[in-house]
Amino acid sequence: MSDKHRKDNVTPLFGHRKDEPKVRESEIDVPDAPAADTPRQDIHRRHHGVAPTIMDMASGNRPANPFSPQEANADEKGAIYNGLHMDFIGKRRIFYTISIVVIVIGILVSAIFGVKLDIQFKGGAIIQYSYTGKIDLPVAQALANKTIAGGDFTVQTDKVPANHEQILVLQTTKALTDTQQATLFNALGKQFSTSSLKKFASNDVSPQTGRLFFMQSIGAVLLAALLIVLYIWIRFRHIGGLPAGLTALVALLHDVVIAFVAFSIFRIPINDNFVAVALTILGYSINDTIVVYDRIRENRGLFGHSIHFKEIVNRSINQSFTRSINTTLVTFLAIATVCVFSLVFHLDSIRSFALPMMVGVVTGCYSTICIAGPLWVSWVEHREKKDPAYSKRMTAQ
């Protein structure tokens, strides 16, 4: 078939072909609309953020509505979401209840068993000694408490992964001077003279420094959350940026609180790893949420106000669902591998990051799908009760 007799059903992506003469818009002869009984190709609808250019293969015309009334009505009601349809918005109260129950249980566990703060936040000292043979931990703990009055020591053992060197770890809530550390080392060396005790490392933090570091860490998390809200407000200002930012912030705080609950349940001390986990979750979760928000913006542009805002959000969540699940699964498996590695080689510093982060990745996906978008719908519906034209004015901003 020669090029001049060829009929394309899609407008060329990069304009005219080289051998195709340019035609002005005023010279284009648009055929009349086909009769009602003219057959047309059955084309299934797909939404990818940009409306496709569809043409009738038989007549060469672009029909005003290429879909049957049944297809259009079903699509507007949300029955066709690229093969996936789940009523997330209709079940949002169930999701709210699940989140509240989990958070309340976590707070009760923290209140009953207490929250462990590491020395970075409350002050104290961690002293590590390398040794050979065996050391009786209760004896070492009793000797340390006797040598340093009010030390309240906890004692445990660890290993260096590279050479499997045994490490005796003493931790106290009291800051120790160099003289006190030397006295403690001499007492332990005399008690365990056959173990070749040597000082491996020490970390000493005053209570004032610990409190200052704690306040700076909280400030870093709050500043990150504030900048995220500001970014969403600006980026989605044409569809109501401020409500989108605030509801995303609630979802992020939900993730951080559950990460805190994970630290409490697994009895991991709150230290600089908690700050790292919180900031990482903020970045990971908001990235997933912005993908859904982008799809909401695109669908609002495609459908306008022909369907309700909650249908727009539900459609967008369904269209992004597979992407969110796949991304979460891959990330979870990667962090789980790191966590298993840390458990096998007794790397407590890595385990205290990887284990809560596994929980954070799951809750980040959950909050994106089940919290952020549904909360935005709840906000809009609440405002529409007071002002029925709120949704239209929100888009016109």
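Structure notes:
- Summary of packing: across the peptides 365-376, 138-149, the per-residue average of other C-beta atoms within 10 Å ranks them, highest first, as 365-376, 138-149.
- Packing-based ranking, highest mean first, of 274-283, 311-320 given that Cβ atoms within 10 Å are counted: 311-320, 274-283
- Each Lys or Arg adds one and each Asp or Glu takes one away; over the other residues whose Cβ falls under 11 Å from the Cβ of Ala278, this sums to -2.
- Solvent exposure of region 105-255 amounts to 55 Å² per residue of accessible area, where only protein heavy atoms count and the probe is 1.4 Å.
- Expressed as a whole percent, the accessible surface of region 315-397 that belongs to carbon and sulfur atoms is 71, based on a 1.4 Å probe.
- Taking the Cα atoms of region 294-397, the ratio Rg/Rh between the radius of gyration and the Kirkwood radius comes to 1.20.
- Put Ile103, Ile167 in order of accessible area, highest first, and with a 1.4 Å probe you get Ile103, Ile167.
- Pairs beyond 25 Å (Cα-Cα), from Lys134/Lys174; Lys122/Lys198; Lys159/Lys190; Lys122/Lys190: Lys134/Lys174; Lys122/Lys198; Lys122/Lys190
- Share of carbon and sulfur in the accessible heavy-atom surface of region 130-276 [1.4 Å probe, %]: 63
The values are calculated or read from the model by the stated rules, or taken from the named source; none is laboratory data. Remember, predicted model here, so these are calculated numbers, not experimental data. Every residue, glycine among them, receives a Cβ derived from its backbone with ideal geometry; neighbour counts consider all protein chains shown. To get the accessible areas, we keep the full protein, side chains included, count just its heavy atoms, and leave off ligands, DNA and RNA. Shrake-Rupley method; radii C 1.70, N 1.55, O 1.52, S 1.80 Å.
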